[in-house]
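Scroll down for the structure; my scribbles are underneath it.
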Amino acid sequence: MSDFMIWLYAHYIKPQLDAAPQGDYSFHFDLMHNELGFHALESYEKSLEFTAIQAFLLGLRTGRSLPRERLTA
């Protein structure tokens, strides 16, 4: 993975994920952060980083974004 993509994740993608409303998923996120040990949490964060970067790149490749209203319906 390029240094730019890691930088983009840290400065754009992760803040967007952190700001997104978690809704019904907040319990599961809290459970993972409270129950996982340090090494497992570190692996989870790296897996999330990889998955989020790949999802971002997929969005770029598909080239068409949906309006926000359609994503929440």
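Can you give me the number of residues within region 33-46 that are under 12 Å from the mean Cα position of the chain (by Cα) and either touching a residue at least 40 places away in the same chain (Cβ under 8 Å) or loosely packed, with under 11 Cβ neighbours inside 10 Å (or both)?
Of the residues in region 33-46, the ones under 12 Å from the mean Cα position of the chain (by Cα) are 44-46.
Within this subset, residues satisfying the condition of being either touching a residue at least 40 places away in the same chain (Cβ under 8 Å) or loosely packed, with under 11 Cβ neighbours inside 10 Å (or both) are 46.
Of the residues in region 33-46, 1 are under 12 Å from the mean Cα position of the chain (by Cα) and either touching a residue at least 40 places away in the same chain (Cβ under 8 Å) or loosely packed, with under 11 Cβ neighbours inside 10 Å (or both).
Do we find that Pro21 is open to solvent by 60 Å² or more (accessible area, probe 1.4 Å) and modelled with pLDDT under 90 in this structure?
The answer is no for Pro21.
Please verify whether Ser2 is loosely packed, with under 10 Cβ neighbours inside 10 Å, at pLDDT below 95 and not basic (Lys, Arg), treating the condition exactly as stated.
yes
So for region 47-57 (the condition being open to solvent by 70 Å² or more (accessible area, probe 1.4 Å) and modelled with pLDDT under 95), does at least one residue qualify?
no
Of everything in region 1-32, what is under 14 Å from the mean Cα position of the chain (by Cα), in a helix (DSSP H, G or I), farther than 17 Å from Leu58 by Cα and aliphatic (A, V, I, L, M)? Give them in sequence order.
Those that are under 14 Å from the mean Cα position of the chain (by Cα), in a helix (DSSP H, G or I), farther than 17 Å from Leu58 by Cα and aliphatic (A, V, I, L, M): Ala10, Ala19.
The values are calculated or read from the model by the stated rules, or taken from the named source; none is laboratory data. Here the structure is a predicted model, which means the values were calculated and not measured. Ideal geometry is used to build each Cβ from the backbone, glycine not excepted, and the neighbour counts take in all protein chains shown. Please note that ligands, DNA and RNA were not included when accessible areas were found on the heavy atoms of the full protein model with its side chains. Shrake-Rupley method; radii C 1.70, N 1.55, O 1.52, S 1.80 Å.
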